[in-house]
Amino acid sequence: MQKATRQTNRWSNRLAYILAATGAAVGLGNIWKFPYITGQNGGGAFVLVYLVCILFIGIPVMMAEVALGKHGRHTPGRSVLEVAKSSGKSHWWSLVGWMGVVSGYLILSFYVVITGWALAYIYKAGAGDFGTGDPKQVQALFADLTNDGWALLGWTSTVVLATVLVIGKGVKAGLERAVSALMPLLFLLLLGLAIYAASEGDFWAAFHFMFAPDFSKLSINGVVVALGHSFFTLSLASGIMIMYGAYLPEGVSIAKSSVWIAFFDTLVALIAGMVIYPVVFANHLEPGAGPGLIFQTLPIAFGQMPGGRLVGVLFFIMLVFAAFTSALALIESSVAWLVEKRGFGRWQAAFAAGFGIWLLSLGTIASVSNMPIAIFHTPWGEVHFFAILDYLTANIALPIGGLLIAIFTGWVANKALMADMIDAPWVFRLWHPVIKYLAPLAILLVFLQLTGVIHL
Ligand code: PFF
């Protein structure tokens, strides 16, 4: 076995890092998930709680992860090990980093399938398949796609291959270059779509829905969903931010850059809401439609609105850009590990990691297209492979991973070492009690609520 070599890759500069990390953060979570969970949880009050979670828990945990990566300068498992060693603690703590890498890898295996749906929808929107926006036709379109295992395999394989081809080129020539080109385009598309939605849709109904909090509509479960989503959307506990921290150039402030990344991520989610809701309300559609909101509800509106065909194409291009830069982030730590520890060449590692993702994605494809091999009969009824994976990662692995990161950086790691990473002393004095007490308590609450151990 080869000895792990220290990462020598670095982002070119502060801006490149912020763009890459924003690319990792902005993804399906912002454009697909945030609008539908906001719709399901009643709007404004949910958005407010989500913002509080980002500010008080998401940003501090992000800072903790980047600091671990920056000190360790290795892939996540080894970076956490380095910090544990420097702090005189057990090597078992490296599992905290490992857990993230494994969660990220599993998440990617279904993330590529949903990105494949978005890719298929670019084509469908362009081909005029939304027709005149007849709800039955649009719903059949989605069912036809998800039931067609071969079509899903084709779209998913395209996404996996594209991911491999970019990541194989390396951190600077592949990842950084792709993200630097795609992120500005994504912002432009998003702004263009927001202007369209404001002029053609019902801007004020959407604005009121998203920004006028009505706490009677928010359940305690909504609070839990908001905290869980703040992890998902900021790419926490998935190995990503530790890995990106390992590539951080010297002299970049971890606190300031984390605030910027969280700010851009939140801005994209809020603007995505202001693209989707004006269109939904103007067409008297249901904001609480659930995961099908952008695949089954929005296309009804695109079919009915002026210029809807072009706007539909642009919308799904934007979604693919957002998802793709996150897919790159989700595979990076596995690829870097194969290079660092196993001595693979970068291309060889990219293809090996990509092949594994492709194999795993077959489980999700088989379960959404209702193939019996991916549907299990249990005492609790039928369980789909995709549903199990989604539940285990988003609801169990991410909260536990976040909790362990908070415990490790707040209680276990050497305080002086962490203080050295977290910039200015006053920032550290603010950060430390949050990561030591507030974050673990809040995460524990969410985790217990989600797993049904407690009912608030
Ligand atoms: N943050 C991205 C999103 O919101 O889609 C991608 C992502 C990364 C999701 C890590 C989940 C995760 F654990």
TODO: For T132, state whether it is more than 27 Å from the chain's Cα centre (by Cα) and either touching a residue at least 60 places away in the same chain (Cβ under 8 Å) or on the phi > 0 side of the Ramachandran plot (or both).
DONE: yes
TODO: State yes or no: is W92 within 15 Å of the ligand (Cβ to nearest atom) and not small (G, A, S)?
DONE: no
- [ ] Have a look at T158, T163 and point out the one that is of a type outside the set (A, V, I, L, M) and within 15 Å of the ligand (Cβ to nearest atom).
- [x] T163
TODO: Report those helices (runs of 4 or more DSSP H) wholly inside segment 314-422 carrying at least 1 residues which are at pLDDT 90 or above and closer than 22 Å to S230 by Cβ.
DONE: 398-407, 415-421
TODO: Output the residues belonging to segment 79-94 that are surrounded by fewer than 22 Cβ atoms within 10 Å (Cβ to Cβ) and touching a residue at least 60 places away in the same chain (Cβ under 8 Å).
DONE: S86, S87, G88, K89, W93
- [ ] Test each condition in (1) out of contact with any helix residue (DSSP H, G or I) (no Cβ under 7 Å at 6 or more places or on another chain); (2) under 30 Å from G307 (Cα atoms); (3) not in a helix (DSSP H, G or I) for Y123 and report the one that comes out false.
- [x] (3)
- [ ] Taking F264 as meeting all but one of (1) away from the ligand (no atom under 16 Å from the Cβ); (2) touching a residue at least 24 places away in the same chain (Cβ under 8 Å), write down the number of the exception.
- [x] (1)
TODO: Name the one entry in N13, N9, N41 that is under 24 Å from G77 (Cα atoms) and out of contact with any Ser or Thr (no Cβ under 7 Å at 6 or more places or on another chain).
DONE: N9
Open item on the list: For a quick check of your reading of the model, give me the residue pairs whose first member lies in segment 27-52 and is in contact (Cβ under 8 Å) with a residue 24 or more places away in the chain, whose second is hydrophobic (A, V, I, L, M, F, W, C) and near the ligand (Cβ under 8 Å from one of its atoms), with beta-carbon atoms closer than 6 Å and at least 6 apart or on different chains.
Closed with: G27/A322; G27/A323; L28/A323; G29/F232; I31/A322
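Matching residues to (1) away from the ligand (no atom under 16 Å from the Cβ); (2) not in a helix (DSSP H, G or I):
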site: G192; (1), (2): yes, no
site: M210; (1), (2): yes, no
site: A237; (1), (2): no, yes
site: M243; (1), (2): no, no
site: E250; (1), (2): yes, yes
Task: Residues satisfying the stated conditions in segment 16-52, i.e. more than 13 Å from L270 (Cα to Cα), out of contact with any Phe, Trp or Tyr (no Cβ under 6 Å at 6 or more places or on another chain) and β-branched (V, I, T) - done: V49, V52
Open item on the list: When the residues of segment 11-40 are narrowed to those that are assigned to a loop (DSSP other than H, G, I, E, B) and buried (at least 24 other Cβ atoms within 10 Å of the Cβ), which ends up farthest from the ligand (Cβ to nearest atom)?
Closed with: V26
- [ ] Could you please tell me which pairs satisfy a Cβ distance under 8 Å, a separation of 6+ or placement on different chains, a first residue in segment 322-341 that is under 17 Å from I242 (Cα atoms), and a second residue that is away from the ligand (no atom under 16 Å from the Cβ) and charged (D, E, K, R)?
- [x] V335/R346; V339/R346; E340/R78; K341/R78
TODO: Give segment 158-173 a look and list any residue that's under 28 Å from I365 (Cα atoms) and either outside any loop (DSSP other than H, G, I, E, B) or of a type in the set (V, I, T) (or both), or say none.
DONE: T158, V159, V160, L161, A162, T163, V164, L165, V166, I167
TODO: Within segment 60-75, identify whether any single residue is modelled with pLDDT of 95 or more, within 13 Å of the ligand (Cβ to nearest atom), farther than 27 Å from M318 by Cα and part of a helix (DSSP H, G or I), and answer yes or no.
DONE: yes
Open item on the list: For segment 352-363, check the following and say yes or no: at least one residue is more than 17 Å from L153 (Cα to Cα) and within 24 Å of the chain's Cα centre (by Cα).
Closed with: yes
Task: The listed residue being more than 20 Å from the chain's Cα centre (by Cα) and at pLDDT 95 or above, out of L165, L270 - done: L165
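The values are calculated or read from the model by the stated rules, or taken from the named source; none is laboratory data. Please read these numbers as outputs of a predicted model, since none were measured by experiment. FYI the Cβ positions are ideal-geometry reconstructions off the backbone, even for glycines, and counts take in every protein chain you see.
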